[in-house]
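Report on the structure given below.
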Amino acid sequence: MLFAFRKKETQAQNSVDWATEYECCEKRRDFLLLATRTLLQCIRQFALDIRELNSLEFQTGLAELAERMGSEEKLSAKQAGFQRHAQDIGEFAEKQNSYLRERETEFKAIIDILTKAMVTQDCENREFNRAILQQGRRLEEMTRLDDIKRLKQALLIEVEQLQAAIREKETRESERIETLSRQVTTLNNELQSVRNESERDGLTGVLNRRAFDRHINDLVARNTMKPQDVALLMVDIDDFKRINDTYGHQAGDRVLVAMANKIRQSVRSDDLIARYGGEEFAIILPGASLRNGIKTGKQICGVVASARYLLEGMPPADVLSLTLSIGVSACRKGDSATALVSRADKALYLAKCSGKNRVQSEKDCS
Ligand code: GH3
Ligand code: MG
Ligand code: MG
């Protein structure tokens with residue numbers, strides 16, 4: 001009897017231990033999943049936006065991988081996917097490093113050209129100075145000539161030689177200046193186009209996240225010195241994952257391009273459109289109040305929702321409808337860029353929770 005009671009007691013104790021162990025395992029799994037996602041996000045941030053390196057494809061791959069890690073997929077499939085991506089990460093890092101090394105070599109070559117030009121200039125100046133000194137010496141000798149006629153003749157020859165030397169130097173210098181200024185113009189143009197390129201999102205052509213951060217920080221800082229209206233719209237495509245899942249990633253990419261174009265057509269040319277993240281855009285409206293920001297947001301929502309989208313290769317019957325959710329905030333006195341973005345984000349979250357395809361502003365959140 002006592003033995004049976006002990007056995008039951010031990011069984012109960014065992015199941016309590018198992019439950020505790022299971023709970024621990026779950027917590028550990030959740031923590032590892034969160035850590036993996038955070039690390040993948042960090043790696044994404046390290047990839048520079050460089051079209052030649054297909055950075056966007058790499059970043060999208062990492063976003064998908066992060067998503068897969070938490071999915072219900074089999075462990076073996078997850079492991080295979082992870083190994084493939086681990087190799088991709090290594091290859092991408094190597095490509096990015098060699099790209100940066102190549103740029104460094106190009107800049108060194110430019111510095112080399114300029115240094116050589118300066119050295120040549122210096123040598124020529126030294127030769128010219130030597131010629132002048134020699135002529136000076138000859139002039140000195142002439143003062144010792146007694147015959148005034150011979151003196152005049154010799155002087156004339158020296159003056160002519162001096163003039164010829166100066167003319168030659170002038171021609172050489174102006175040719176060199178022309179060549180250098182042509183090189184500087186070419187370099188300036190190249191630098192400008194590289195700068196523009198590095199601020200653009202490779203897929204949609206709108207500004208990238210780095211450029212957005214720079215612009216919003218500049219505008220908010222300028223606002224502290226000279227207050228002016230600035231509205232910020234955070235735009236998120238509704239149910240975008242469904243498009244990827246139904247029609248594939250490339251179709252999703254085309255939708256992103258179409259959305260960027262629709263937004264571009266709905267705002268003024270001095271408004272700034274940026275791709276903030278995967279399927280999220282940010283629009284900065286300089287000079288616009290919160291009310292104007294909401295108005296523009298509603299216009300964009302209306303234009304996008306009323307259009308129909310037929311993706312390449314899709315049967316006409318599969319025409320798509322798309323909608324956006326938008327959160328709006330406006331710059332306040334003493335505001336920071338982080339606070340401005342965070343208020344627009346909260347408003348966007350509210351728009352999602354209230355049924356999507358709508359605009360909410362920071363006023364609705366208070
Ligand atoms: P919600 O209406 O709540 O915004 O839902 P959603 O499906 O739009 O949002 P969710 O965050 O669930 O999914 C966003 C998806 O966007 C997941 C990710 O794979 C995809 N994505 C992110 N970047 C890209 C990209 O560059 N190209 C493509 N095709 N998909 C991307
Ligand atoms: Mg979305
Ligand atoms: Mg989103």
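What number of residues within segment 35-67 are among the β-branched types (Val, Ile, Thr) and closer than 16 Å to GLY81 by Cα?
Matching residues across segment 35-67 total 2.
With a cut-off of at least 3 residues that are within 12 Å of ligand 1 (Cβ to nearest atom), in the same structural domain as GLU57 (by TED's automatic domain parsing) and charged (D, E, K, R), name the helices (runs of 4 or more DSSP H) lying wholly within segment 230-322.
Numbers: elements: 240-247, 249-266, 290-306.
Filter on segment 230-322 gives an empty set.
Quick one: in segment 299-317, which of the residues that are out of contact with any helix residue (DSSP H, G or I) (no Cβ under 8 Å at 6 or more places or on another chain), open to solvent by 20 Å² or more (accessible area, probe 1.4 Å) and not hydroxyl-bearing (Ser, Thr, Tyr) is modelled with the lowest pLDDT?
In the first step, residues of segment 299-317 are kept if they are out of contact with any helix residue (DSSP H, G or I) (no Cβ under 8 Å at 6 or more places or on another chain); the result is 301-302, 305-306, 308, 313, 315-317.
Those left that are additionally open to solvent by 20 Å² or more (accessible area, probe 1.4 Å): 302, 305-306, 308, 313, 315-317.
Going one step further and asking which of them are not hydroxyl-bearing (Ser, Thr, Tyr), we end up with 302, 305, 308, 313, 315-317.
Details: GLY302: 97, ALA305: 97, ARG308: 93, GLY313: 76, PRO315: 80, PRO316: 81, ALA317: 79.
Within segment 299-317, the match that is modelled with the lowest pLDDT is GLY313.
Go through (1) in a loop (DSSP other than H, G, I, E, B); (2) of a type outside the set (Gly, Ala, Ser); (3) more than 19 Å from ILE89 (Cβ to Cβ) and name the single condition LYS27 misses.
(1)
Considering ARG254, ARG242, ARG264, ARG268, which residue is open to solvent by 20 Å² or more (accessible area, probe 1.4 Å), over 24 Å from the mean Cα position of the chain (by Cα) and either among the basic types (Lys, Arg) or within 16 Å of ligand 3 (Cβ to nearest atom) (or both)?
Exactly one of ARG254, ARG242, ARG264, ARG268 is open to solvent by 20 Å² or more (accessible area, probe 1.4 Å), over 24 Å from the mean Cα position of the chain (by Cα) and either among the basic types (Lys, Arg) or within 16 Å of ligand 3 (Cβ to nearest atom) (or both), namely ARG242.
Of all residues in segment 348-359, how many are touching a Cys at 6+ places or on another chain (Cβ under 9 Å) and more than 14 Å from ligand 3 (Cβ to nearest atom)?
4
Does LEU350 count as part of a helix (DSSP H, G or I) and not polar (S, T, N, Q)?
yes
Counting only residues that are among the hydroxyl-bearing types (Ser, Thr, Tyr), open to solvent by 70 Å² or more (accessible area, probe 1.4 Å) and closer than 27 Å to ALA211 by Cα, how many does segment 318-366 have?
2
For segment 220-269, which positions are without any contact (Cβ under 8 Å) to a residue 12 or more places away in the chain, within 15 Å of ligand 2 (Cβ to nearest atom) and among the aliphatic types (A, V, I, L, M)?
Matches in segment 220-269: none.
The values are calculated or read from the model by the stated rules, or taken from the named source; none is laboratory data. Everything quoted here is computed from the prediction, not taken from an experiment. Don't worry about glycine lacking a Cβ; one is built from the backbone with ideal geometry, like all the others, and counts go over all protein chains shown. Note: areas computed on protein heavy atoms with side chains; ligands, DNA, RNA excluded. Shrake-Rupley method; radii C 1.70, N 1.55, O 1.52, S 1.80 Å.
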